[in-house]
1. Test of understanding: among ASP48, ASP98, ASP29, which residue is assigned to a loop (DSSP other than H, G, I, E, B) and at pLDDT 85 or above?
2. Is the stretch 134-144 home to any residue that is within 30 Å of LEU54 (Cα to Cα), among the charged types (D, E, K, R) and surrounded by fewer than 15 Cβ atoms within 10 Å (Cβ to Cβ)?
3. Does the stretch 135-181 hold any residues that are within 20 Å of PRO123 (Cβ to Cβ), in a helix (DSSP H, G or I) and of a type in the set (A, V, I, L, M, F, W, C), and which are they?
4. Going through the stretch 217-227 one residue at a time, which ones are assigned to a loop (DSSP other than H, G, I, E, B) and open to solvent by less than 60 Å² (accessible area, probe 1.4 Å)?
5. So which of PHE60, PHE113 is aromatic (Phe, Trp, Tyr), under 30 Å from ALA197 (Cβ atoms) and either modelled with pLDDT of 85 or more or over 18 Å from the mean Cα position of the chain (by Cα) (or both)?
6. Among the residues of the stretch 12-28, is there at least one that is in contact (Cβ under 8 Å) with a residue 40 or more places away in the chain and not aromatic (Phe, Trp, Tyr)?
7. Search the stretch 186-216 for residues being out of contact with any helix residue (DSSP H, G or I) (no Cβ under 8 Å at 6 or more places or on another chain) and at pLDDT 90 or above, and hand back the single one that is least open to solvent (accessible area, probe 1.4 Å).
8. Say we look at the stretch 104-118 and pick out the residues that are in a helix (DSSP H, G or I) and open to solvent by 80 Å² or more (accessible area, probe 1.4 Å); which of these is nearest to ASN218 (Cα to Cα)?
Amino acid sequence: MPTTDLLDLHPFSPEVAEDPYGWYKRLRDQKPVVRLRNPDLFVVTGHDELVEVLRHPDPFSSQLGYRALGTGYLKGGEDNSTVMGVDQGEMRMLISTDPPEHTRIRRLLSRAFTPRAITQLEPRLREVLQDMVDDLRSKARAGDADLVHDLAAPFPVVVIAELLDIPADRRADFRRWSDAMSGGLSGDTEISELAEAGLQLFEFMADVVEKRTAEPGNDLISRLVAGAEEDDDDPLTLEEITLIAILLLIAG
(Lines give C-alpha, C1' and ligand atoms only; values in the text may rest on other atoms or scores of the structure.)
Protein backbone atom coordinates (compact mmCIF):
# COMPACT_ATOMS: atom_id res chain seq x y z
CA MET A 1 0.00 0.00 0.00
CA PRO A 2 1.42 3.46 -0.95
CA THR A 3 2.40 5.90 1.77
CA THR A 4 -0.40 8.36 0.92
CA ASP A 5 -2.18 9.60 4.04
CA LEU A 6 -4.85 7.08 4.96
CA LEU A 7 -7.57 9.71 5.32
CA ASP A 8 -6.84 11.19 1.89
CA LEU A 9 -7.25 7.89 0.06
CA HIS A 10 -10.49 7.77 -1.90
CA PRO A 11 -12.36 4.45 -1.48
CA PHE A 12 -12.37 4.01 -5.28
CA SER A 13 -8.81 5.19 -5.88
CA PRO A 14 -6.33 2.99 -7.79
CA GLU A 15 -4.24 2.67 -4.61
CA VAL A 16 -7.16 1.20 -2.69
CA ALA A 17 -8.23 -1.01 -5.59
CA GLU A 18 -4.70 -2.42 -5.75
CA ASP A 19 -4.81 -3.55 -2.11
CA PRO A 20 -8.26 -2.98 -0.58
CA TYR A 21 -7.70 -5.37 2.32
CA GLY A 22 -4.58 -3.53 3.38
CA TRP A 23 -6.58 -0.29 3.36
CA TYR A 24 -9.36 -1.86 5.42
CA LYS A 25 -6.82 -3.16 7.95
CA ARG A 26 -5.25 0.25 8.33
CA LEU A 27 -8.68 1.75 8.95
CA ARG A 28 -9.52 -0.87 11.58
CA ASP A 29 -6.14 -0.50 13.25
CA GLN A 30 -6.64 3.26 13.61
CA LYS A 31 -10.12 3.28 15.22
CA PRO A 32 -13.55 1.72 14.69
CA VAL A 33 -14.95 4.93 13.17
CA VAL A 34 -12.79 6.94 10.77
CA ARG A 35 -13.64 10.17 8.97
CA LEU A 36 -12.09 10.41 5.51
CA ARG A 37 -11.22 13.67 3.84
CA ASN A 38 -11.70 12.58 0.22
CA PRO A 39 -14.66 12.52 0.04
CA ASP A 40 -15.90 13.71 3.44
CA LEU A 41 -17.16 10.35 4.60
CA PHE A 42 -17.37 8.29 7.77
CA VAL A 43 -16.22 4.67 7.53
CA VAL A 44 -17.40 2.37 10.32
CA THR A 45 -15.42 -0.86 10.79
CA GLY A 46 -16.02 -1.89 14.41
CA HIS A 47 -18.68 -4.53 15.11
CA ASP A 48 -20.27 -2.77 18.06
CA GLU A 49 -20.28 0.52 16.20
CA LEU A 50 -21.85 -1.08 13.12
CA VAL A 51 -24.61 -2.58 15.26
CA GLU A 52 -25.22 0.86 16.76
CA VAL A 53 -25.56 2.39 13.28
CA LEU A 54 -27.85 -0.34 11.98
CA ARG A 55 -30.15 -0.14 14.99
CA HIS A 56 -30.62 3.63 14.79
CA PRO A 57 -31.93 4.73 11.38
CA ASP A 58 -32.32 8.17 12.86
CA PRO A 59 -29.83 9.76 12.30
CA PHE A 60 -28.17 6.94 10.27
CA SER A 61 -30.76 6.97 7.49
CA SER A 62 -30.63 4.57 4.55
CA GLN A 63 -32.83 6.97 2.60
CA LEU A 64 -30.39 9.84 3.02
CA GLY A 65 -27.42 7.60 2.25
CA TYR A 66 -29.02 6.23 -0.89
CA ARG A 67 -29.90 9.75 -2.06
CA ALA A 68 -26.25 10.75 -1.57
CA LEU A 69 -25.19 7.81 -3.74
CA GLY A 70 -27.71 8.93 -6.33
CA THR A 71 -26.11 12.34 -6.50
CA GLY A 72 -22.78 10.77 -7.46
CA TYR A 73 -21.30 11.86 -4.12
CA LEU A 74 -18.63 9.17 -3.99
CA LYS A 75 -17.19 10.28 -7.32
CA GLY A 76 -18.11 13.94 -7.10
CA GLY A 77 -20.05 13.41 -10.31
CA GLU A 78 -23.21 14.81 -11.81
CA ASP A 79 -26.41 14.41 -9.79
CA ASN A 80 -28.24 11.41 -11.24
CA SER A 81 -30.81 10.97 -8.47
CA THR A 82 -33.69 11.99 -10.76
CA VAL A 83 -32.29 10.53 -13.97
CA MET A 84 -35.34 8.27 -14.43
CA GLY A 85 -37.81 11.08 -13.81
CA VAL A 86 -38.24 10.35 -10.09
CA ASP A 87 -36.15 10.99 -7.01
CA GLN A 88 -34.50 7.62 -6.39
CA GLY A 89 -34.21 8.48 -2.72
CA GLU A 90 -38.02 8.54 -2.53
CA MET A 91 -38.45 5.10 -4.08
CA ARG A 92 -39.95 2.58 -1.65
CA MET A 93 -37.13 0.12 -2.09
CA LEU A 94 -35.47 -1.91 0.68
CA ILE A 95 -32.09 -0.27 0.16
CA SER A 96 -33.50 3.25 0.52
CA THR A 97 -36.08 2.94 3.28
CA ASP A 98 -35.91 3.08 7.07
CA PRO A 99 -38.14 1.42 9.66
CA PRO A 100 -41.05 1.13 9.90
CA GLU A 101 -41.36 1.14 6.09
CA HIS A 102 -38.28 -1.07 5.68
CA THR A 103 -39.65 -3.51 8.26
CA ARG A 104 -42.95 -3.73 6.40
CA ILE A 105 -41.41 -4.40 2.97
CA ARG A 106 -38.96 -6.92 4.42
CA ARG A 107 -41.73 -8.76 6.24
CA LEU A 108 -43.87 -9.03 3.12
CA LEU A 109 -40.90 -9.98 0.95
CA SER A 110 -39.81 -12.73 3.33
CA ARG A 111 -43.08 -14.57 2.67
CA ALA A 112 -41.90 -15.35 -0.86
CA PHE A 113 -38.39 -16.44 0.22
CA THR A 114 -39.44 -19.71 1.80
CA PRO A 115 -36.83 -22.48 2.24
CA ARG A 116 -38.91 -24.72 0.00
CA ALA A 117 -39.05 -22.17 -2.83
CA ILE A 118 -35.29 -21.60 -2.74
CA THR A 119 -34.50 -25.33 -2.48
CA GLN A 120 -36.55 -25.98 -5.61
CA LEU A 121 -34.09 -23.82 -7.57
CA GLU A 122 -31.04 -25.91 -6.63
CA PRO A 123 -31.25 -28.67 -9.31
CA ARG A 124 -31.64 -26.14 -12.11
CA LEU A 125 -28.83 -23.93 -10.82
CA ARG A 126 -26.52 -26.93 -10.46
CA GLU A 127 -27.25 -27.78 -14.08
CA VAL A 128 -26.52 -24.23 -15.24
CA LEU A 129 -23.33 -24.07 -13.18
CA GLN A 130 -22.11 -27.41 -14.52
CA ASP A 131 -22.60 -26.17 -18.09
CA MET A 132 -20.59 -23.04 -17.26
CA VAL A 133 -17.81 -25.07 -15.65
CA ASP A 134 -17.67 -27.39 -18.67
CA ASP A 135 -17.40 -24.36 -20.95
CA LEU A 136 -14.69 -22.88 -18.72
CA ARG A 137 -12.70 -26.13 -18.88
CA SER A 138 -13.02 -26.20 -22.66
CA LYS A 139 -11.74 -22.65 -22.90
CA ALA A 140 -8.93 -23.46 -20.46
CA ARG A 141 -7.73 -26.25 -22.74
CA ALA A 142 -7.69 -23.73 -25.57
CA GLY A 143 -5.82 -21.21 -23.38
CA ASP A 144 -8.70 -18.73 -23.48
CA ALA A 145 -10.40 -19.09 -20.08
CA ASP A 146 -11.32 -16.24 -17.76
CA LEU A 147 -12.81 -17.28 -14.40
CA VAL A 148 -14.51 -13.94 -13.79
CA HIS A 149 -15.81 -13.35 -17.31
CA ASP A 150 -16.90 -16.94 -17.95
CA LEU A 151 -18.22 -17.94 -14.53
CA ALA A 152 -18.13 -15.54 -11.58
CA ALA A 153 -19.79 -12.61 -13.37
CA PRO A 154 -22.53 -14.30 -15.42
CA PHE A 155 -23.64 -16.88 -12.83
CA PRO A 156 -25.30 -14.41 -10.40
CA VAL A 157 -27.24 -12.96 -13.34
CA VAL A 158 -28.44 -16.45 -14.22
CA VAL A 159 -29.46 -17.08 -10.60
CA ILE A 160 -31.59 -13.93 -10.49
CA ALA A 161 -33.02 -14.64 -13.96
CA GLU A 162 -34.01 -18.14 -12.85
CA LEU A 163 -35.46 -16.80 -9.59
CA LEU A 164 -37.61 -14.33 -11.52
CA ASP A 165 -38.24 -16.74 -14.43
CA ILE A 166 -36.77 -14.42 -17.06
CA PRO A 167 -36.09 -15.95 -20.51
CA ALA A 168 -32.47 -16.90 -21.19
CA ASP A 169 -32.32 -14.62 -24.24
CA ARG A 170 -32.72 -11.57 -21.98
CA ARG A 171 -29.75 -12.38 -19.70
CA ALA A 172 -27.39 -10.22 -21.73
CA ASP A 173 -29.77 -7.29 -21.21
CA PHE A 174 -29.91 -8.14 -17.50
CA ARG A 175 -26.14 -7.95 -17.24
CA ARG A 176 -25.96 -4.69 -19.20
CA TRP A 177 -28.68 -3.04 -17.12
CA SER A 178 -27.17 -4.26 -13.87
CA ASP A 179 -23.69 -2.99 -14.75
CA ALA A 180 -25.07 0.40 -15.76
CA MET A 181 -27.17 0.80 -12.61
CA SER A 182 -24.33 -0.28 -10.33
CA GLY A 183 -22.01 2.11 -12.15
CA GLY A 184 -24.52 4.88 -11.56
CA LEU A 185 -24.21 4.47 -7.80
CA SER A 186 -20.42 4.58 -7.97
CA GLY A 187 -20.33 7.42 -10.51
CA ASP A 188 -18.75 5.29 -13.25
CA THR A 189 -21.69 5.32 -15.68
CA GLU A 190 -22.47 8.23 -17.98
CA ILE A 191 -25.77 9.94 -17.16
CA SER A 192 -27.23 9.24 -20.60
CA GLU A 193 -26.32 5.55 -20.39
CA LEU A 194 -27.71 5.32 -16.87
CA ALA A 195 -30.99 6.97 -17.90
CA GLU A 196 -31.44 4.64 -20.86
CA ALA A 197 -30.60 1.50 -18.86
CA GLY A 198 -32.77 2.55 -15.93
CA LEU A 199 -35.82 3.22 -18.07
CA GLN A 200 -35.39 0.00 -20.05
CA LEU A 201 -35.00 -2.04 -16.89
CA PHE A 202 -38.00 -0.44 -15.16
CA GLU A 203 -40.23 -0.86 -18.22
CA PHE A 204 -39.16 -4.48 -18.66
CA MET A 205 -39.73 -5.39 -15.01
CA ALA A 206 -43.03 -3.51 -14.83
CA ASP A 207 -44.22 -5.45 -17.87
CA VAL A 208 -43.15 -8.75 -16.26
CA VAL A 209 -45.01 -7.89 -13.05
CA GLU A 210 -48.13 -6.99 -15.03
CA LYS A 211 -48.00 -10.28 -16.96
CA ARG A 212 -47.46 -12.35 -13.79
CA THR A 213 -50.43 -10.59 -12.24
CA ALA A 214 -52.58 -11.81 -15.12
CA GLU A 215 -50.92 -15.24 -15.45
CA PRO A 216 -49.01 -16.18 -12.27
CA GLY A 217 -46.40 -18.95 -12.21
CA ASN A 218 -44.12 -20.40 -9.55
CA ASP A 219 -41.44 -17.68 -9.69
CA LEU A 220 -40.64 -15.08 -7.05
CA ILE A 221 -42.53 -12.27 -8.79
CA SER A 222 -45.66 -14.41 -9.00
CA ARG A 223 -45.39 -15.24 -5.31
CA LEU A 224 -45.01 -11.55 -4.46
CA VAL A 225 -48.02 -10.68 -6.61
CA ALA A 226 -50.05 -13.42 -4.91
CA GLY A 227 -48.94 -12.11 -1.53
CA ALA A 228 -50.03 -8.60 -2.50
CA GLU A 229 -53.54 -9.94 -3.08
CA GLU A 230 -53.76 -11.51 0.36
CA ASP A 231 -55.73 -9.95 3.18
CA ASP A 232 -53.17 -7.46 4.48
CA ASP A 233 -53.64 -3.96 5.82
CA ASP A 234 -50.82 -2.61 3.65
CA PRO A 235 -49.76 -5.14 0.97
CA LEU A 236 -46.92 -4.65 -1.48
CA THR A 237 -47.92 -2.50 -4.44
CA LEU A 238 -47.09 -3.50 -8.01
CA GLU A 239 -44.57 -0.65 -8.12
CA GLU A 240 -42.87 -1.96 -4.98
CA ILE A 241 -42.74 -5.47 -6.47
CA THR A 242 -41.15 -4.02 -9.60
CA LEU A 243 -38.54 -2.19 -7.50
CA ILE A 244 -37.83 -5.38 -5.50
CA ALA A 245 -37.16 -7.26 -8.74
CA ILE A 246 -34.83 -4.48 -9.92
CA LEU A 247 -32.98 -4.44 -6.62
CA LEU A 248 -32.54 -8.22 -6.70
CA LEU A 249 -30.93 -7.95 -10.12
CA ILE A 250 -28.55 -5.13 -9.21
CA ALA A 251 -27.62 -6.57 -5.81
CA GLY A 252 -27.29 -10.08 -7.23
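1. On inspection, the qualifying residue turns out to be ASP98.
2. Within the stretch 134-144, the first condition is being within 30 Å of LEU54 (Cα to Cα), and the residues that meet it are none.
No, because not a single residue in the stretch 134-144 is within 30 Å of LEU54 (Cα to Cα), among the charged types (D, E, K, R) and surrounded by fewer than 15 Cβ atoms within 10 Å (Cβ to Cβ).
3. Taking the stretch 135-181 and keeping what is within 20 Å of PRO123 (Cβ to Cβ), we get 135, 151, 154-168, 171.
Okay, now just the ones that are also in a helix (DSSP H, G or I), so 135, 151, 154-164, 168, 171.
Result: LEU151, PHE155, VAL157, VAL158, VAL159, ILE160, ALA161, LEU163, LEU164, ALA168.
4. Kept after step one, since they are assigned to a loop (DSSP other than H, G, I, E, B), are these residues of the stretch 217-227: 217-219.
Result: GLY217, ASP219.
5. Numbers: PHE113 fails: either modelled with pLDDT of 85 or more or over 18 Å from the mean Cα position of the chain (by Cα) (or both).
Going through PHE60, PHE113 in turn, just one is aromatic (Phe, Trp, Tyr), under 30 Å from ALA197 (Cβ atoms) and either modelled with pLDDT of 85 or more or over 18 Å from the mean Cα position of the chain (by Cα) (or both): PHE60.
6. At the first step, the residues of the stretch 12-28 found to be in contact (Cβ under 8 Å) with a residue 40 or more places away in the chain are 12.
If we keep only those that are not aromatic (Phe, Trp, Tyr) too, we end up with none.
Scanning the stretch 12-28, I find no residue that is in contact (Cβ under 8 Å) with a residue 40 or more places away in the chain and not aromatic (Phe, Trp, Tyr), so the answer is no.
7. The residue in question is ASP207.
8. If we filter the stretch 104-118 for residues that are in a helix (DSSP H, G or I), which is where we start, we get 104-110, 115-118.
Of the ones still in play, those that are also open to solvent by 80 Å² or more (accessible area, probe 1.4 Å) are 106-107, 115-116.
Working: ARG106: 20, ARG107: 20, PRO115: 14, ARG116: 12 Å.
Per the stated criteria, the residue is ARG116.
The values are calculated or read from the model by the stated rules, or taken from the named source; none is laboratory data. Bear in mind the structure is a predicted one, so any value in this text is a computation, not a measurement. Every residue, glycine among them, receives a Cβ derived from its backbone with ideal geometry; neighbour counts consider all protein chains shown. Protein only, heavy atoms only, side chains kept; ligands, DNA and RNA dropped before computing areas. Shrake-Rupley method; radii C 1.70, N 1.55, O 1.52, S 1.80 Å.
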